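Student: The structure is given below, and queries will be raised subsequently.
The values are calculated or read from the model by the stated rules, or taken from the named source; none is laboratory data. In this text, all values refer to a predicted model and were calculated from it rather than measured experimentally. Heads up, the Cβs are rebuilt from the backbone with ideal geometry, glycines too, and the neighbour counts pull from every protein chain shown.
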């Protein structure tokens, strides 16, 4: 029973099969292959708009690549104080942008508070040569606390940047989990709400290693620059077909949504089970596949003794992540062990 | 019959199988997995020394990562004028080093001439604050002309840098092809000849997408920095086991050497066939799996009509690359078509 | 009556004279001149220790140069949320470090709160590859609110970093003003309290344009790298003697302390005068030559009508800066006009 | 008798006076002062066009700042192999551009050969994602060998880039010396010949420390970005009036041209004198104030014994630089001593 991270989970067998199936004969390299083209076409259907896409091997890479074409070297990227791009990427956004400044904002449950956003926008002037101007607002969905920004919450924040030459980035490492939780369409949660570029993650939801940067209509003209950055960053994999093949299988028949639904359902069951234990406090709404809880040490010890792996956060709370392959009986036996 | 590039070739079936086999259960992420550890142990045997290794998704990435820990931002990297790091990586080495200067050197058959090396070393002073100092010599083996530096040639060039605080980088995107061609050991061609870090490529020789940066004993203390760069560059793949698994299968039973031998053998046959055609001139020694030739247009047209894909270089010459899966009968029918 | 900024003030006549006096005959360039050497010797006396110094044309430059040798590209620089390096330098520290991350901390009167410092140190792990590690604590003295950290306050904050491989940077654009206010020695306020490098500003206190980066004994070995950065950043002025000459005259006979005392005295008088006006609130302790006050608009209007220039901050408060040449009678007539 | 470099010379007394004259009262900082505005207006007259200008403290800074707005991070800057930007600026162009690639070209007397330019343009494709595209051609005038590109030579080279999205940079550290040597107008030698941006140096020709980046009509829209870079690079000096004042005095009454004429005249005399000495070979046309000569050691020894300072180049040749204040009698006594 592994609840450490969805990155420790295996890949879905259909994606493994797809890789084998893609291994036939010669194929154009560096993203010019037929599968990549098919995935882009499929994404246009899913997102109901013109778009451009390219692949990368990690969420850190896709975030950094996207930000590098959204934000100039001397711009400011606004993000939540706990954002992955700020806390967990070893400064990849700073590296790829050439030194942009990430300004962290407060907000409960890892959602940027509107008041914090308003304050920083009031503080950072536009057109003042001494001050790095705001150029990007980055929203994670799921957030780092496992909560989901609703369509309205995304739009409300994006709107605040409307009168600036600024763009909206969405870190969607767990986009599928947010989407099925909210029950809206991919278009509604992204470009229709003001998002210009999405980092669309598959790795945590069944892929071997496949992330996509999706540019929506407002920033299509940056695609050539994005490809140049992909190459310059070493992310233009020679045999890109094997990354594209993962996406094709993952999107096929809405497998990606099914996998996210499964993970979310297990998280809901686990949260319910944990909430019933004495002294356990669930710290954030469980909108996706992550649970943050304060768990009394004896309970946590019993869970570990029952075979469950999970992280203890520095503040003493625990993070438990379910994945596409977490089984309902595992949840049950974990809760049973914990009692 | 595809001779465009070994990056257009499929992966060897054993590597596909290995990926499937690695897809069992949960596994530590970000390179902490058991397979990665086994690959490192295996590489220690192969290279007969202590070493550290990490993986990347492209040769551009592995070169840039390696150079970023070998060369400071204000250093000079000496390389051949036709080096991949200089011509074909969209400035990835400049990006990862923070702006190092690549100084291109001349030399027939894409091997750096000793006289050119001596001249530049005489021109670039050490310890002069106005001038970027030489910090790295980068050698490609195979070279960009498909030739192989011998052990003596590597050592001779590496020696020239001995009295500077400079290091030797080897771009080994086709290291296996050079090695089997030369008939020496991996250790002889690298650290014993003065190489400090090797970019060891598997993608062009049967992998789906797997490159390794190998640090030899002289630079082991830079491994922590290398890992930080891997993360910062977005190359620390979450499910690294799938990259490691490719290496494990590729190294197993010396498959990597067999595949390189096959590709080289086809190139030798193809070169012999081409050389017998009227007006064809082979431009460089064929030490590995690449042939550069001046081919009269009627001949080239017949080859294309016979189904062969290959690149026409800007100078009018043709490049033909064989791969691990090129068949001897394809060579024969190509030559037959060309006559 | 100009209270906009001490950067709008003229230079002290003795520095103008010194420049003329330095203009005799030929002199070694790029900082190798005799005057530069004499200034370094004089600074050793003033700071009572071995040190290395180099000059730059702006405080932004000296801060960025210093930070570039204190912090690696993937490190974190802790600073107050209102720090000049964070708010007013267009990302120069990010640029010169190659993309370091500035993490802003809270604290009244622009002094970093110990609790905020403790919290961030608890949150940012050491030796975790995913997270940029803390490498520098930057303290401004005077702070951006015109307050002075005492020796004890500097030492207390510096101590918190002791068990990390981290260094202490002091932005001393108004170091002289802090020093005379506190009545301690330059050594006590810097290296004896744990400061590794000081950006020592003269421009705001009587110079034409002269800032110094001072490396204390703990980081002397970084001087060669600092010089390389100075050159690479374009700050190694060919005729450096004219910058050095300013410093020599400014330090001679403790002119620098006299000028700072004059500016501080005027600020004290001005603050006292303002405090006596109806509805005026002085927002921060006036430790140096800057006053931040909430001034009712009618009062502010009368001050402006009386000929006083000063900045209105976005939050509605006013900043008034005195300089070495502000006269006591100007203060009196300003207050008289304001009543 | 100092012939080491024009950077070791003093400033012209009129510029010292101008600095004193500028030191009256308060003045807007960071380049918003009245003198800066007057200099820009004067430059419009001199260059007969709309233009924007900003100042920097060194030629390295002005080159790097200019290049940073002419060339993207992943672009190529073509320059002569001996160009100051390539050899003598510690990689400042790479730093300021974010890692652009300088590709060195051959050519006698430090002028880029047309054939070398044509070859590299043929080799570097446009619109190929793997290859850094050519974005800037940089010409030094005077060149590093003290020769001057004629108007036709500048135009011929600039024309070669016409069909690319590329721009022309001129390193004019000794622009005045080239101009008076050629007898053309500033407009003819720059924008009329295709130059987009000029780094216009005063420091080597009588200033204390003042260089200007001049943007011509074709790139005026990059001025805002240039100012941001100036700030970010630490080159927006607070009391900019003192830099502007130097330029004002230097341009006033065409002092700058008189000073260049004087230096050039001395160089012509010195070259003539040297050429008459047994065994001395003048290596390049003496178009400005620099002489490169092969001087037999006994002759050189006598020159040194006569009190002359000059640099010995690594290849054994000598460089002698005259300055605005070199006197004709110094030349005579040097030659007399050398006989």
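Student: Restricting attention to the stretch C:114-136, does a residue exist that is under 29 Å from residue C:322 (Cβ atoms) and either touching a strand residue (DSSP E or B) at 6+ places or on another chain (Cβ under 7 Å) or surrounded by fewer than 23 Cβ atoms within 10 Å (Cβ to Cβ) (or both)? It would help to see each step written out before you state the result.
Tutor: Of all residues in the stretch C:114-136, those under 29 Å from residue C:322 (Cβ atoms) come to none.
No, the stretch C:114-136 contains no residue that is under 29 Å from residue C:322 (Cβ atoms) and either touching a strand residue (DSSP E or B) at 6+ places or on another chain (Cβ under 7 Å) or surrounded by fewer than 23 Cβ atoms within 10 Å (Cβ to Cβ) (or both).
Student: Another question, then. Keeping to the stretch C:74-99, report how many residues are at the interface with another protein chain (Cβ under 7 Å from one of its Cβ atoms) and surrounded by fewer than 24 Cβ atoms within 10 Å (Cβ to Cβ).
Tutor: 3
Student: For residue D:132, which of the numbered conditions (1) touching a residue at least 40 places away in the same chain (Cβ under 8 Å); (2) within 21 Å of the chain's Cα centre (by Cα) fails to hold?
Tutor: (2)
Every residue, every condition in (1) under 22 Å from residue C:82 (Cβ atoms); (2) assigned to a helix (DSSP H, G or I); (3) at pLDDT 95 or above; (4) under 22 Å from the mean Cα position of the chain (by Cα), yes or no:
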site: C:287; (1), (2), (3), (4): yes, no, yes, yes
site: C:291; (1), (2), (3), (4): yes, no, yes, yes
site: C:298; (1), (2), (3), (4): no, yes, no, no
site: C:315; (1), (2), (3), (4): yes, no, no, no
site: C:320; (1), (2), (3), (4): yes, no, yes, yes
site: C:323; (1), (2), (3), (4): yes, no, yes, yes
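Student: Which numbered condition in (1) under 10 Å from the mean Cα position of the chain (by Cα); (2) within 27 Å of residue B:16 (Cα to Cα) is the only one that residue B:180 fails?
Tutor: Single failed check for residue B:180: (1).
Student: Across the stretch C:114-147, what is the number of residues that are within 8 Å of chain A (Cβ to nearest Cβ) and touching a helix residue (DSSP H, G or I) at 6+ places or on another chain (Cβ under 7 Å)? I'd like the intermediate steps shown before the answer.
Tutor: First, pick out the residues of the stretch C:114-147 that are within 8 Å of chain A (Cβ to nearest Cβ): C:122-123, C:125, C:129-132.
This time we only want the ones that are touching a helix residue (DSSP H, G or I) at 6+ places or on another chain (Cβ under 7 Å), so: C:129-131.
Going through the stretch C:114-147 one residue at a time, the tally reaches 3.
Student: For a quick check of your reading of the model, give me the residue pairs whose first member lies in the stretch B:306-324 and is within 14 Å of chain D (Cβ to nearest Cβ) and in contact (Cβ under 8 Å) with a residue 24 or more places away in the chain, whose second is assigned to a loop (DSSP other than H, G, I, E, B) and surrounded by 14 or more Cβ atoms within 10 Å (Cβ to Cβ), with beta-carbon atoms closer than 7 Å and at least 6 apart or on different chains.
Tutor: As it stands, the answer is B:311/B:4; B:317/B:283, since those pairs meet every condition given.
Student: I'd like the full set of residues that are surrounded by fewer than 24 Cβ atoms within 10 Å (Cβ to Cβ) and within 29 Å of residue C:75 (Cα to Cα), limited to the stretch B:229-262.
Tutor: So the first thing to find is which residues in the stretch B:229-262 are surrounded by fewer than 24 Cβ atoms within 10 Å (Cβ to Cβ), and the list is B:248, B:251-255, B:257-258, B:261-262.
Correct list: empty.
Student: Inside the stretch A:15-47, can you point out the residues that are more than 23 Å from residue B:236 (Cα to Cα) and at the interface with chain B (Cβ under 8 Å from one of its Cβ atoms)?
Tutor: A:20, A:23, A:24, A:25, A:26, A:27, A:28
Student: Okay, next question. Test residue A:303 against the stated conditions and say whether it is part of a helix (DSSP H, G or I), touching a residue at least 24 places away in the same chain (Cβ under 8 Å) and within 25 Å of the chain's Cα centre (by Cα). Quick ask: steps written out before the conclusion?
Tutor: Working: part of a helix (DSSP H, G or I): yes; touching a residue at least 24 places away in the same chain (Cβ under 8 Å): yes; within 25 Å of the chain's Cα centre (by Cα): no.
No: the conditions fail for residue A:303.
Student: Consider only pairs whose beta carbons are under 6 Å apart and that are at least six residues apart or on different chains; among these, list those whose first residue lies in the stretch B:22-48 and is at positive phi and whose second residue is surrounded by fewer than 20 Cβ atoms within 10 Å (Cβ to Cβ).
Tutor: Hits for this filter: B:48/B:187.
Student: In this structure, does residue D:12 turn out to be more than 7 Å from chain C (Cβ to nearest Cβ), surrounded by 22 or more Cβ atoms within 10 Å (Cβ to Cβ) and farther than 20 Å from residue C:229 by Cα? Give the steps one after another, and end with the answer.
Tutor: Working: more than 7 Å from chain C (Cβ to nearest Cβ): yes; surrounded by 22 or more Cβ atoms within 10 Å (Cβ to Cβ): yes; farther than 20 Å from residue C:229 by Cα: yes.
Judged against the criteria, residue D:12 is a match.
Student: I need the full set of residues from the stretch C:267-279 which are farther than 14 Å from residue C:174 by Cβ and buried (at least 20 other Cβ atoms within 10 Å of the Cβ), in order please. Give the steps one after another, and end with the answer.
Tutor: Going through the stretch C:267-279, the residues farther than 14 Å from residue C:174 by Cβ turn out to be C:268-279.
Within the stretch C:267-279, C:270, C:271, C:274 meet the criteria.
Student: Let me ask something else about it. Out of D:206, D:194, I need the residue that is in the same structural domain as residue D:105 (by TED's automatic domain parsing), touching a helix residue (DSSP H, G or I) at 6+ places or on another chain (Cβ under 8 Å) and either under 20 Å from residue D:107 (Cα atoms) or surrounded by fewer than 24 Cβ atoms within 10 Å (Cβ to Cβ) (or both). Which one? It would help to see each step written out before you state the result.
Tutor: Numbers: D:206 fails: either under 20 Å from residue D:107 (Cα atoms) or surrounded by fewer than 24 Cβ atoms within 10 Å (Cβ to Cβ) (or both).
Matching residue, one of D:206, D:194: D:194.
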